[in-house]
Each structure stands twice: as structure tokens, then as C-alpha cells.
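Comments concern the structure below.
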Amino acid sequence: QVQLVESGGGLAQAGGSLRLSCAASNSVSIFTIRDMGWYRQAPGKQRELVATITKSGSTNYADSVKGRFTISRDNAKVTVYLQMNSLKPEDTAVYYCNAVLLGLDYWGQGTQVTVSS
């Protein structure tokens, strides 16, 4: 079992920045976590991918956030970060951390990001 604890959400103005963090814990296997990433779900919409990063550092971004968001990872701390710049009101959503371990998906509890215009 893997526990993912998120932090860093909140309120920002359009054009502003926020940084999300997600730390994995509670399992002796956490250092074998392959992929980590961030997803988001806006009201009335399906959960969608924001960005993912492999253990070796390869990244993948949704087109809507390319050039504005940066995902990074600290393997020693088993922590993934999402730096969000040039925020837009359409970035408003609950952001969920994800980790893939031994073929299973684990999710954080979600953190609210609200961007005002």
C-alpha cells in the first residue's frame, strides 16, 4: 500500500503561480515506483492527465499546460512536484497525485486549485 500526501493547492490570480507537492510513503517498495504524475478534475468534467514523469525523468504533458507547467521528481524523497505558472481560470480543478507501483495505480486525496480572473 502506498500513501500519497499532496500539498500546495490554493487560490491564485490569473497569470500567477502555484507549486504542488506530493510525497509517497507507507511502503517498503516506494522506491520502485515507476511513474508519478498529476491529474485534475474540474466540476462536471472527467479526470484528465496534466503531466507525468518516469523514474528516469522522462516527462509527458497535456497540450493545455505545455510551456506553463513543469513536473519534477525527487527520487530520494519519492516526491513529485508540479510548478504551475501563467495560470488560467480554466486550470481551476481538484488536482490529484498519481503513482504507479507494481502495475497498480495509487491516488492522493486531491488538492483544490482555484484561479480567479
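The values are calculated or read from the model by the stated rules, or taken from the named source; none is laboratory data. The structure presented is a predicted model; accordingly, all values stated were derived computationally and were not measured. Reconstructed Cβ throughout: ideal geometry from the backbone, glycine too, with neighbour counts over all protein chains shown. Side chains included, ligands, DNA and RNA excluded: accessible areas come from the protein's heavy atoms. Shrake-Rupley method; radii C 1.70, N 1.55, O 1.52, S 1.80 Å.
Tallying residues that are outside any strand (DSSP E or B), β-branched (Val, Ile, Thr) and either touching a helix residue (DSSP H, G or I) at 6+ places or on another chain (Cβ under 6 Å) or without any contact (Cβ under 8 Å) to a residue 24 or more places away in the chain (or both) within the stretch 86-117 yields 0.
The residues on offer are 7, 17, 56, and the sole one that is exposed (fewer than 14 other Cβ atoms within 10 Å of the Cβ) and free of Cβ contacts under 8 Å to residues at least 12 places away in the same chain is 56. Within the stretch 61-85, the set of residues being farther than 19 Å from residue 41 by Cα and either assigned to a loop (DSSP other than H, G, I, E, B) or open to solvent by less than 20 Å² (accessible area, probe 1.4 Å) (or both) comprises 67, 75, 76, 77, 78, 79.
Of the candidates 87, 82, 18, the single residue that is aliphatic (A, V, I, L, M) and more than 29 Å from residue 1 (Cβ to Cβ) is 87.
Once the stretch 28-47 is narrowed to residues that are polar (S, T, N, Q) and either closer than 18 Å to residue 80 by Cβ or part of a strand (DSSP E or B) (or both), the residue that is least open to solvent (accessible area, probe 1.4 Å) is 29. Of all the criteria given as (1) modelled with pLDDT under 95; (2) under 23 Å from residue 2 (Cα atoms); (3) open to solvent by 40 Å² or more (accessible area, probe 1.4 Å), the one not satisfied by residue 106 is (3).
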